[in-house]
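Take a look at the structure set out below.
The values are calculated or read from the model by the stated rules, or taken from the named source; none is laboratory data. What you are looking at is a predicted structure, and each value in this text was computed from that prediction instead of being measured. Note that we place each Cβ from the backbone using ideal geometry, even for glycine, and neighbour counts take in every protein chain shown.
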Amino acid sequence: MTIDFYYIPGSAPCRAVMLTAIALGVELNYKLTDVMEGKQFEPEFLKINPQHTIPTINDNGFSLWESRAIMGYLVNKYGKDDSLYPKDPVKRAVVDQRMFFDLGTLYQRLADYYYPVYFAGAAFDPEKKTKIMDALQFLDTFLSKSTYAAGEQLTIADLTLVATVTTLEVVDFDLSSFKNIIRWLDVVKKNAPGYEEANGKNVLAFKALVDNLMKGR
Amino acid sequence: MGITLYHFPPSAPSRCALLVCKALGLDVDVQIVDLFAKEQLKPDFVQINPQHCVPTLTDGDCTIWESRAIASYLVNVYGKDDSLYPKDPKQRAIVDQRLHFDCGTLYPRIRAICFPVLFLGEVEIDEDKKASLEEAIGFLDIFLEGNNFMAGTNLTIADISIAASLSSIIAVGWDISAYSNVAAWFAKCSLEIPGYVEANQTGADQFGKAVKSKLAPGQI
């Protein structure tokens, strides 16, 4: 019994879900949904997700989107234990705060800075780059207090954040001044199950995509 | 020691946190942090929350920020039942998707319109930004199709979060009447969310007034 997974490999939110599924041993039925070709607007997909975004899952009739909601759902439903998303309310609140930080601040600012350039032909706005630096500074501060993003164990907070941060890494954003982020990246790359398969090789697909879009610009 | 909420009434996410406290019948010490006066940057507050944002909640030894993480935490700890944030994984996932939609799509599009007016001296609103917000409200209308509330049959923290966000832009003058599901739901929320007038409407009105005072006429 597999879960249908609508995705493209380069997308950070999709990679975060893939990291989670591998860590849980949950089998995904991969359905490439090329959003560059507008596949998300096809009627069959709109029936599953009227907001027409990826990643989307369909768990045997139950459809869900928003990567971090999917990640939480997979652990809540299929986790053999709660280590990736602790049930303890205080520990969970820290994971949640890091996840919302990724969604609403860090990944948001990555998208604000890069996507108008890559996908809509705009010029880079230096003020938006500064906002990314500010967000990375916050993350660096969070990581000064613990090994992983939300404490001493790997959680889905790390998985969503590593998908985002490696996206910055692969487009040569300079992370070198963020010592705690550098340390943490290394730890997560070594310890996240199936890291290479779920994120290591797929983030290169993002790089290939943007290199192609930026050719001659 | 009890619960302290660091709060700024004009801020929609901050009002969401306060509304959840009210919905759970919690006695909370509210400390105002005036973002217009940049009080969040005071060293004492940065010590509590290095990301210096509101709302921030302290409960005994623990400190939590991000309104929707606060909302989930409060129900997880203090809810007499799980109706505001169901424990069932599928039901919870739908609430989470709506919360993430608010955090990652709806509220950023509201902020994209209002933040430059409030803080960067802009007096006009880009047509693209207007269209973007209309699209987000359109999605809300779809989520509500066949549902009483945002995530199903009952009021949840998804309704509280989204109602707080929407109330900000409505207070600036945005017209949601074209979206019949959203309009009906919003009217219902303003009556059914406990403490809505004092914990949300007052602050939303302050926000609306602040933005309108800086906008050129006829923008909305």
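For the range A:151-184, give me the residue count where each residue is aliphatic (A, V, I, L, M) and within 14 Å of the chain's Cα centre (by Cα). Steps first, answer last, please.
Initial filter on the range A:151-184 (aliphatic (A, V, I, L, M)): A:154, A:156-157, A:159, A:161-163, A:165, A:168, A:170-171, A:175, A:181-182.
Retained after the next criterion (residues that are within 14 Å of the chain's Cα centre (by Cα)): A:156-157, A:159, A:161-163, A:165, A:168, A:170.
Count: 9.
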Test B:V95 against the stated conditions and say whether it is out of contact with any helix residue (DSSP H, G or I) (no Cβ under 6 Å at 6 or more places or on another chain), at pLDDT 95 or above, under 22 Å from B:G25 (Cβ atoms) and crowded, with 17+ Cβ neighbours inside 10 Å. no
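From the list B:E66, B:E122, exactly one residue is more than 8 Å from chain A (Cβ to nearest Cβ), among the acidic types (D, E) and in contact with a helix residue (DSSP H, G or I) (Cβ under 9 Å, 6 or more places away or on another chain). Which is it?
On the way: B:E66 fails: more than 8 Å from chain A (Cβ to nearest Cβ).
Answer to the check: B:E122.
Could you say which residue among A:K77, A:K179 is without any contact (Cβ under 8 Å) to a residue 60 or more places away in the chain, among the charged types (D, E, K, R) and touching a helix residue (DSSP H, G or I) at 6+ places or on another chain (Cβ under 6 Å)?
Working: A:K179 fails: touching a helix residue (DSSP H, G or I) at 6+ places or on another chain (Cβ under 6 Å).
Step by step, each of A:K77, A:K179 is checked, and only A:K77 is without any contact (Cβ under 8 Å) to a residue 60 or more places away in the chain, among the charged types (D, E, K, R) and touching a helix residue (DSSP H, G or I) at 6+ places or on another chain (Cβ under 6 Å).
Quick check on my filter: what residues within the range A:118-160 are within 16 Å of A:R92 (Cα to Cα) and not β-branched (V, I, T)? Steps first, answer last, please.
Kept after step one, since they are within 16 Å of A:R92 (Cα to Cα), are these residues of the range A:118-160: A:142, A:146, A:148-160.
Residues satisfying the conditions are A:F142, A:S146, A:Y148, A:A149, A:A150, A:G151, A:E152, A:Q153, A:L154, A:A157, A:D158, A:L159.
Look through B:L74, B:L99 and report the one residue that is assigned to a helix (DSSP H, G or I), under 18 Å from B:N154 (Cα atoms) and in the same structural domain as B:G173 (by TED's automatic domain parsing). Spell out how you get there, then give the answer.
Details: B:L74 fails: in the same structural domain as B:G173 (by TED's automatic domain parsing).
When all the criteria are applied, what remains is B:L99.
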Taking the stated definitions as given, is A:F142 of a type outside the set (S, T, N, Q), over 17 Å from the mean Cα position of the chain (by Cα) and closer than 21 Å to A:G72 by Cβ? yes
Name every residue in the range A:86-110 that is in contact (Cβ under 8 Å) with a residue 24 or more places away in the chain, in contact with a helix residue (DSSP H, G or I) (Cβ under 9 Å, 6 or more places away or on another chain), farther than 17 Å from B:R98 by Cα and assigned to a helix (DSSP H, G or I), in order of residue number. A:V94, A:V95, A:R98, A:T105, A:L106, A:Y107, A:R109, A:L110
The lone exception for B:D159 - which of (1) buried (at least 20 other Cβ atoms within 10 Å of the Cβ); (2) within 12 Å of chain A (Cβ to nearest Cβ) it fails: (2)
Anything in the range A:126-162 that is among the basic types (K, R) and not in a loop (DSSP other than H, G, I, E, B)? List them, or say none. A:K128, A:K129, A:K131
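Does A:T141 fit the bill of being without any contact (Cβ under 8 Å) to a residue 60 or more places away in the chain, at the interface with another protein chain (Cβ under 9 Å from one of its Cβ atoms) and out of contact with any helix residue (DSSP H, G or I) (no Cβ under 7 Å at 6 or more places or on another chain)? So that I can check it myself, show each step before the final result.
On the way: without any contact (Cβ under 8 Å) to a residue 60 or more places away in the chain: yes; at the interface with another protein chain (Cβ under 9 Å from one of its Cβ atoms): yes; out of contact with any helix residue (DSSP H, G or I) (no Cβ under 7 Å at 6 or more places or on another chain): yes.
Yes, satisfied.
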On the given criteria, is A:K80 assigned to a loop (DSSP other than H, G, I, E, B) and within 11 Å of chain B (Cβ to nearest Cβ)? no
When the range B:79-113 is examined, which residues are found to be within 21 Å of A:Q97 (Cβ to Cβ), within 10 Å of chain A (Cβ to nearest Cβ) and acidic (D, E)? B:D96, B:D102
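With more than 9 Å from chain B (Cβ to nearest Cβ), surrounded by fewer than 21 Cβ atoms within 10 Å (Cβ to Cβ) and out of contact with any strand residue (DSSP E or B) (no Cβ under 7 Å at 6 or more places or on another chain) as the only criterion, which of A:K47, A:K91 stands out?
Details: A:K91 fails: out of contact with any strand residue (DSSP E or B) (no Cβ under 7 Å at 6 or more places or on another chain).
Being more than 9 Å from chain B (Cβ to nearest Cβ), surrounded by fewer than 21 Cβ atoms within 10 Å (Cβ to Cβ) and out of contact with any strand residue (DSSP E or B) (no Cβ under 7 Å at 6 or more places or on another chain) holds for just one of A:K47, A:K91, which is A:K47.
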Output for the range B:15-60, where each listed residue is within 12 Å of chain A (Cβ to nearest Cβ), assigned to a loop (DSSP other than H, G, I, E, B) and free of Cβ contacts under 8 Å to residues at least 12 places away in the same chain: B:P50
If B:I142 satisfies all but one of (1) surrounded by fewer than 21 Cβ atoms within 10 Å (Cβ to Cβ); (2) part of a loop (DSSP other than H, G, I, E, B), what's the number of the condition it fails? (2)
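Identify all residues within the range B:156-200 that are closer than 11 Å to B:L19 by Cα and part of a helix (DSSP H, G or I); write none if there are none. Spell out the reasoning first.
Of all residues in the range B:156-200, those closer than 11 Å to B:L19 by Cα come to B:157, B:159-161, B:163-164, B:193-200.
Within the range B:156-200, B:I157, B:D159, B:I160, B:S161, B:A163, B:A164, B:Y196, B:V197, B:E198, B:A199, B:N200 meet the criteria.
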Selection over the range A:33-44 where residues are in a helix (DSSP H, G or I), under 19 Å from A:A120 (Cα atoms) and more than 14 Å from chain B (Cβ to nearest Cβ) yields a count of 4
